[in-house]
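Just below is one structure, and these are the notes that go with it.
The values are calculated or read from the model by the stated rules, or taken from the named source; none is laboratory data. Being a predicted model, the structure only gives us computed values, none of them experimental. Reconstructed Cβ throughout: ideal geometry from the backbone, glycine too, with neighbour counts over all protein chains shown. Just so you know, the surface numbers come from the protein's heavy atoms only, side chains and all, with ligands and any DNA or RNA stripped out. Shrake-Rupley method; radii C 1.70, N 1.55, O 1.52, S 1.80 Å.
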Amino acid sequence: MRRIPFATFEYLHRSIKADIMSAIEAVYDRGQFIRGEECAAFEREFAEWNESKYAVGVGSGLDAIYLALKALGIGTGDEVLVQSNTFIATVLAVSYTGATPVLVDPDEITYNMALKGLKESLTTRTKAIIPVHLYGQMAQMDEIMEFARENQLYVVEDCAQAHGATFMGKKAGNYGNIGCFSFYPGKNLGALGDAGAIVTDNADLAEKVRMLGNYGSSRKYYHEFKGSNSRLDELQAAILRVKLRHLDEYNKERADIAEKYLRGIVNPLIKLPTVGPDRKAIWYVFSILCEKRDDLQRYLKENGVETICHYPIAICDQPAYKYDNLGIQPYARYICERQLSLPLYIGMTDQELSYVIDLINDFR
């Protein structure tokens, strides 16, 4: 019996090991580990790659969203619209500012933020929208941005799963006021630990995020804001610089694997993902829906195939938010009970892919 992991770094990291080790050694020898030349260089390179004017490295994807909201002045008494089928970090970032997260049920085709939910959730206290570019494809940003303009709302894009995804030819992070990225190891661009960044075309917002992540300071011992400690360290920046050079080829390989899944899986019990029009997905995960999800996951595991549910418990049902009265989002719950992510990683062979596809097609 074959063993197919959900994800592995074995091939990817082996192919760039010498460059990674060299980058780490250079930081070690230089002896500067915070706010040095590696972080500055990565910020320039990532901004250029993402076709943004500015990038600021921070400690994590959650920090990126939190600092973005703080830089925009979001706080107590404000409401922020967030799609309901996201990872909890998106909602936690809103809570940390003192604002109230308002969950919006997603579109039933792409599972991303839908205009209908935004209109239903808007109040006089609404100040911002956080569309999450889920699973590697962007939300319907033309409609979201028009809605935001009509109602004078800020837009903070959660791009944690969308490094390089595009909508109408424009990359994730470049529609809203600020775009927020996670470089958690499993992302398409992943560090060897926690890391994140924001992108923006607004110089003042970029500088404010930088200050907020550096104790509210732009010069030592002078603190203009009540900031926090969230900075991209030199080692992670150096590692990310190496991986960034390969990101386009990684995204292409993931897209090739996804296309084989889309062509090969023909089981009527499986709902395959749909990429909306005018989009290029970068396939952070290959997400399917199945009414017998738990049976399918068990069957695949028994045959050596590892899968993951993204995410099995809706935000409104999380114990952390049981007293927050977040309401009920029926389609988010529907997705949570049926979603399953299939193996997809750099170096996945055609034989491994065919094995997974054949198992899924044989499932009853």
**Request:** Treating cross-link reach as a plain straight distance, find the aspartates and glutamates whose alpha-carbon is under 19 Å from the alpha-carbon of Lys116, omitting any fewer than eight places away in the same chain.
**Result:** Glu79, Asp105, Asp107, Glu108, Asp142, Glu143, Glu146, Glu150, Glu157
**Prompt:** Remind me, what semi-axes does the chain give for its equivalent ellipsoid, largest first in whole Å, using sqrt of 5 times each Cα gyration tensor eigenvalue?
**Reply:** 32, 28, 17
**Complete:** Toy charge model, Lys and Arg Cβ at +1, Asp and Glu Cβ at -1: the chain dipole around Cα centroid in debye, rounded to 20, equals 320 debye
**Item:** Accessible-area order (highest first, 1.4 angstrom probe) of the listed residues Asp294, Asp158
**Value:** Asp294, Asp158
**Request:** Take the Cα atoms of the stretch 48-149, find their three principal axes, and give me the spread along each one in whole Å, biggest first.
**Result:** 34, 33, 26
**Request:** Leaving ligands, DNA and RNA out of it, report the carbon-plus-sulfur percent of the accessible area of the chain at a 1.4 Å probe.
**Result:** 49 percent
**Request:** Would you look at the GNM of the chain, springs on alpha carbons closer than 10 Å, and say which of Met21, Met348, Met211 moves the most?
**Result:** Met21
**Request:** With a Förster radius of 45 Å, plug the Cβ-Cβ distance of Met21 and Asp256 into 1/(1 + (r/R0)^6) and report the FRET value to the nearest 0.05.
**Result:** 0.95
**Prompt:** How large is the charge dipole for the stretch 8-60, taken about the Cα centre, if only the Cβ atoms of Lys, Arg (+1) and Asp, Glu (-1) carry charge, to the nearest 20 debye?
**Reply:** 100 debye
**Request:** Just check the stretch 27-66 against the gyration tensor rule for me: Cα atoms, a ≥ b ≥ c as the square roots of the eigenvalues, rounded for a/c under 1.5, and otherwise prolate or oblate depending on whether a/b exceeds b/c.
**Result:** oblate
**Item:** Kirkwood Rh and Cα Rg combined as Rg/Rh, the stretch 194-277
**Value:** 1.22
**Prompt:** Working from the pairwise distances between different alpha carbons, so that the mean of 1/r is found and then inverted, what is the stretch 123-173's Kirkwood radius in Å?
**Reply:** 11.3 Å
**Item:** Estimated Rh, the stretch 255-354: Kirkwood, alpha-carbon pairs, angstrom
**Value:** 15.2 Å
**FRET efficiency estimate (nearest 0.05) - Cβ-Cβ, Phe225 to Arg125, R0 41 angstrom** = 0.95
**Request:** Based on the mean of other Cβ atoms within 10 Å per residue, sort peptides 53-61, 327-335 so the most packed one is first.
**Result:** 53-61, 327-335
**Request:** Grab every C-alpha pair in the stretch 1-86, bin the distances at 10 angstrom width from 0 up to the longest one, and report whole percents.
**Result:** 12, 25, 33, 20, 9, 1
**Request:** Take the Cβ-Cβ distance between Glu51 and Thr76 as r, set R0 to 25 Å, and report the resulting FRET efficiency rounded to the nearest 0.05.
**Result:** 0.10
**Asked** What accessible surface, in Å², does a 1.4 Å probe find on Asp295, ignoring ligands, DNA and RNA and rounding to the nearest 10?
**Response** 80 Å²
**Asked** For the stretch 146-273, how many pairs of lysine residues have a Cα-Cα distance under 29 Å, where the two are 8 or more positions apart or belong to different chains?
**Response** 25
**Asked** What value, in deg cm²/dmol to 500, does the helix sum -39500 (n - 2.57) over DSSP H runs of n ≥ 4 give at 222 nm once divided by the residues of the chain?
**Response** -12000 deg cm²/dmol
